[in-house]
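Written below as structure tokens is the structure these notes are about.
The values are calculated or read from the model by the stated rules, or taken from the named source; none is laboratory data. These numbers come from a predicted model, not from an experiment. Here the Cβ positions follow ideal geometry from the backbone for every residue, glycine too, while neighbour counts run over all protein chains shown.
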Amino acid sequence: MAENKKKEILKEIKEQLRTAQPCKIGQEEKYFTWLGDNLLNKCQKLLPYCQQSSEMIMLNDLKERLEKIKNNELPDYNQTLAYSICQELGIQHGQEILRPVH
């Protein structure tokens with residue numbers, strides 16, 4: 001049950017990262033701040049499901065990338081890195097790999 005919840009949360013995060021695009025020109029800063037906040041909240045939900053030290057390291061890396069997205073620090077670059085980290089967390093548990101839309 002816990003493993004399914006982890007996969008579900010990772011899938012939600014990856015999907016939002018994969019399809020993330022500001023809806024209006026000039027609204028990028030607000031959008032990425034919202035996106036970063038939203039994904040950081042979802043990332044917090046992963047904490048109880050990451051027990052191995054390697055998972056905790058990746059989860060901390062993911063949080064760092066999401067924080068950078070929230071602060072509008074190279075959001076496209078950090079979005080790609082965050083997506084890759086999610087893939088790595090999912091691969092450890094046999095989850096499918098989705099490719100970014102960029």
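Residues that are small (G, A, S), modelled with pLDDT of 95 or more and surrounded by fewer than 19 Cβ atoms within 10 Å (Cβ to Cβ): list the helices (runs of 4 or more DSSP H) wholly contained in the range 13-92 that include at least 2 such residues.
none
Matching residues to (1) among the aliphatic types (A, V, I, L, M); (2) in contact (Cβ under 8 Å) with a residue 24 or more places away in the chain:
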residue	(1), (2)
K11	no, yes
Q27	no, no
N72	no, yes
L81	yes, no
